[in-house]
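The values are calculated or read from the model by the stated rules, or taken from the named source; none is laboratory data. As the structure is a prediction and not an experimental result, all values here were calculated from the model. Glycine also receives a Cβ, built like all others from the backbone with ideal geometry; neighbour counts cover every protein chain displayed.
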Amino acid sequence: MLRPALARPTVSFESREAIEAYMEGLNQRSPLAQRKIRSWGPQSAAHLQLGLVPMPIEGPSEPAVFLAESQNSFVLDVQSQPRFAAGAPLLLGLVLGGSVSLRQGGAEFVAQAGEGLLISPADVERAQFSADSHFVEFALPRTHLRRVGAELAPAHWLGTPAFKPLLAPPLAQGLLFMGQQAARLLLQQQQQPSSRAAPPMFEQCLEMMALSLVQEQQLAVETASLARPLAPRSVQRALEYIEAQVLSDIVLADIAEAACVSVSSLLRHFQTHLGLSPMAYLRQLRLDRARLELRQGHAGSIRELALRWGFQSAGKFSQAYWRQFGERPSEGRKTYALAPLGGDRR
């Protein structure tokens, strides 16, 4: 049986009005996702308990959250906003009570108590938390996964390693234990206001979490990728830059500069190891993200969607979308309209 990650929640809401006000404020402060209460569950008294551990960073900006723990009496729908989620850290979600449904990459996964989920914010279509669920979420920066993946199998992984979303109980429990240790280090540091840098042992905990994922979980690596020749570091740097700047107005020279190679070398490396150019890869990534917005049903007009994802007109976007997916964007909007995940699991 898993134990809570924190000794006690730091915030408690005990009325529907207070919970709704908190959710509304959270949606405004954190546009990575939109949260909506689907039903109030079987209990007559609504409640929400939260515990947060911030991740210290340098500079005056508000620190990110490393750990978030929640216990709720209601059914909660969470819908990702992919245009805000590009480059966001991966999230290790661990279910301590109840269940969580996740739709990611066109497939649905359900994690029960003791199991975990590896969540990519830019790829999630929708998640649903059952009534009386108890959930712990850790932020795992992609840099740690890239570094570990590149060291263990540089010929197989370009950019962030790809994992299956569902984590088996032994791995979930091990990651929870490591996350607890890392959270305790950060809580201890909060008692020393003069120090804002992350403790060295905290970085080691993140490395161990990344290593456990890479070593113990079955990776979603296509068989064809195993036959690729060793990719140079420039390709990995270019992929990381493209992923982080997918919404920005970047050109080939920007990618080559980030990869620390000439444009001609970058083109040659991409053709050898990926079979396409850097700008073609960027276009595919943008089309994938645009299609995800269509699946979620809140993409706005086709013209707005096209401009947001770097296409000069709705016509050019529709042509590229047809070549990539074999359908028109308007058809994708109808085909992939999502129903809520699961029902009320009480």
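One line per residue, one yes/no per condition, for (1) aromatic (Phe, Trp, Tyr); (2) at pLDDT below 90; (3) assigned to a strand (DSSP E or B):
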| site | (1), (2), (3) |
| --- | --- |
| 7 | no, yes, no |
| 19 | no, no, no |
| 22 | yes, no, no |
| 27 | no, yes, no |
| 38 | no, no, yes |
| 41 | no, yes, no |
key: Those residues of region 51-82 which are modelled with pLDDT under 75 and either among the acidic types (Asp, Glu) or buried (at least 19 other Cβ atoms within 10 Å of the Cβ) (or both), in sequence order   = 58, 62, 82
note = Of the residues in region 289-314 that are within 14 Å of residue 122 (Cβ to Cβ) and in contact with a strand residue (DSSP E or B) (Cβ under 9 Å, 6 or more places away or on another chain), the one that is modelled with the highest pLDDT is 292
query = In this structure, does residue 126 turn out to be among the basic types (Lys, Arg), in the same structural domain as residue 211 (by TED's automatic domain parsing), touching a helix residue (DSSP H, G or I) at 6+ places or on another chain (Cβ under 8 Å) and at pLDDT 75 or above?
reply = yes
When residues of region 271-299 are limited to those that are part of a loop (DSSP other than H, G, I, E, B) and either among the acidic types (Asp, Glu) or out of contact with any Lys or Arg (no Cβ under 8 Å at 6 or more places or on another chain) (or both), the one nearest to residue 105 (Cα to Cα) = 298
request  = Sort out for me the strands (runs of 3 or more DSSP E) sitting completely within region 81-142 that have 2 or more residues that are closer than 26 Å to residue 237 by Cα.
outcome  = 90-97, 116-119, 133-140
ask   = residue 193 versus (1) at pLDDT 80 or above; (2) more than 30 Å from residue 294 (Cα to Cα); (3) in a loop (DSSP other than H, G, I, E, B): which is the lone unmet condition?
value = (1)
